[in-house]
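Below is one structure, written out as structure tokens; the observations come after it.
The values are calculated or read from the model by the stated rules, or taken from the named source; none is laboratory data. Bear in mind that the values here come from a model prediction, so they are computed numbers and not experimental data. Cβ: placed from backbone, ideal geometry, glycine included. Neighbour counts: every protein chain shown.
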């Protein structure tokens with residue numbers, strides 16, 4: 001009978017935990033059964049080696065022969081605080097995308113359509129049905145991106161990326177249009193705007209939101 | 001060797017691993033540790049314990065093999081695996097299919113090919 005050091009036990013448990021996650025993800029096999037089999041195998045190796053004391057080094061050597069599990073596949077236990085933070089971040093990202101990307105643009109376009117305030121005071125931002133379609137494209141694309149990001153593991157389809165890209169173009173166009181009217185330092189602002197990644201901010205927001213939702217959903 | 005060949009070998013290994021396990025258990029019981037040592041000695045199979053145990057579990061869940069634990073005087077309890085009736089039937093079918101496939105593939109081989 002060998003004596004195990006605490007670090008040796010810890011190393012084995014960590015390995016089995018990682019392996020259990022890996023087997024569980026691949027499907028078909030029973031992760032608990034595989035973990036028990038591997039534990040038995042390690043114990044058998046140790047019995048064959050007739051080690052009086054089992055150290056972390058011994059366990060690492062045996063485990064590397066068995067077939068190591070990459071460290072990055074460790075399903076890290078998520079602390080309740082972290083889980084709460086993720087849930088808050090997810091809600092914030094979701095809410096921001098919905099508020100600034102969908103509700104606000106819809107309200108703005110509707111307000112202009114009903115009141116014609118901008119047309120009467122400055123210029124007509126929606127002079128034709130085509131302009132209306134383009135103006136509606138931004139909230140529509142954002143809404144679809146928001147919906148797509150809500151499903152964990154859901155990758156945004158290619159057409160959605162294209163729709164968001166087109167929406168970015170439209171929003172940039174209107175920003176330039178209004179920026180030229182209202183901003184005193186418009187040239188500098190436009191230079192900063194175009195050189196930075198702001199025009200595709202909603203694409204990044206979509207991606208970030210999708211990641212947050214995915215991470216939150218993966219929490220046990 | 002090329003990356004293509006390496007990938008091909010991985011695919012072929014994947015395809016025959018389960019067959020090799022079933023063949024190793026044909027008409028004889030074997031415990032995990034012993035099975036690993038037997039299969040690890042098969043040239044080209046490159047089997048590790050990390051690959052074998054999930055496969056054994058999958059085969060057991062599929063009802064092709066059964067397992068029983070037996071106390072051992074030399075160390076921890078041993079888990080003995082054996083083929084079920086369904087496993088034996090499947091092995092026969094797999095063997096027949098592979099023989100046919102091999103035969104077909106061999107018929108395509110030109111004398112010049114190495």
Qualifying residue in the range A:55-73 (condition: away from chain B (no Cβ under 14 Å) and modelled with pLDDT under 80): yes
When residues of the range A:37-65 are limited to those that are under 34 Å from the mean Cα position of the chain (by Cα) and surrounded by fewer than 21 Cβ atoms within 10 Å (Cβ to Cβ), the one nearest to residue B:32 (Cα to Cα): A:64
Cβ pairs under 8 Å, 6+ apart, first in the range B:42-63 and more than 10 Å from chain A (Cβ to nearest Cβ) and more than 12 Å from residue A:29 (Cβ to Cβ), second in a loop (DSSP other than H, G, I, E, B) and at pLDDT 90 or above: B:63/B:84
Residues within the range A:14-30 that are surrounded by fewer than 21 Cβ atoms within 10 Å (Cβ to Cβ), in contact with a helix residue (DSSP H, G or I) (Cβ under 9 Å, 6 or more places away or on another chain) and either away from chain B (no Cβ under 12 Å) or touching a residue at least 40 places away in the same chain (Cβ under 8 Å) (or both), tallied: 4
Condition broken by residue B:30, with the remaining ones in (1) within 14 Å of chain A (Cβ to nearest Cβ); (2) exposed (fewer than 10 other Cβ atoms within 10 Å of the Cβ); (3) modelled with pLDDT of 90 or more satisfied: (2)
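Within the range B:21-111, which helices (runs of 4 or more DSSP H) (wholly inside it) include 2 or more residues that are out of contact with any strand residue (DSSP E or B) (no Cβ under 6 Å at 6 or more places or on another chain) and closer than 19 Å to residue A:36 by Cβ?
Working: elements: B:32-40, B:49-61, B:85-107.
Where helices (runs of 4 or more DSSP H) fall fully within the range B:21-111 and carry at least 2 residues being out of contact with any strand residue (DSSP E or B) (no Cβ under 6 Å at 6 or more places or on another chain) and closer than 19 Å to residue A:36 by Cβ, they are B:32-40, B:49-61.
Among the candidates A:141, A:216, single out the residue that is modelled with pLDDT of 80 or more and part of a helix (DSSP H, G or I). If you could, list the steps in order and put the result at the bottom.
Working: A:216 fails: modelled with pLDDT of 80 or more.
Going through A:141, A:216 in turn, just one is modelled with pLDDT of 80 or more and part of a helix (DSSP H, G or I): A:141.
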Which numbered condition residue A:28 fails, given (1) modelled with pLDDT under 85; (2) assigned to a helix (DSSP H, G or I); (3) under 20 Å from residue B:60 (Cβ atoms): (2)
Boolean, residue B:103 is within 14 Å of another protein chain (Cβ to nearest Cβ) and surrounded by fewer than 17 Cβ atoms within 10 Å (Cβ to Cβ): no
Verdict on residue A:33 being at pLDDT 85 or above, under 26 Å from residue B:62 (Cα atoms), part of a helix (DSSP H, G or I) and at the interface with chain B (Cβ under 8 Å from one of its Cβ atoms): yes
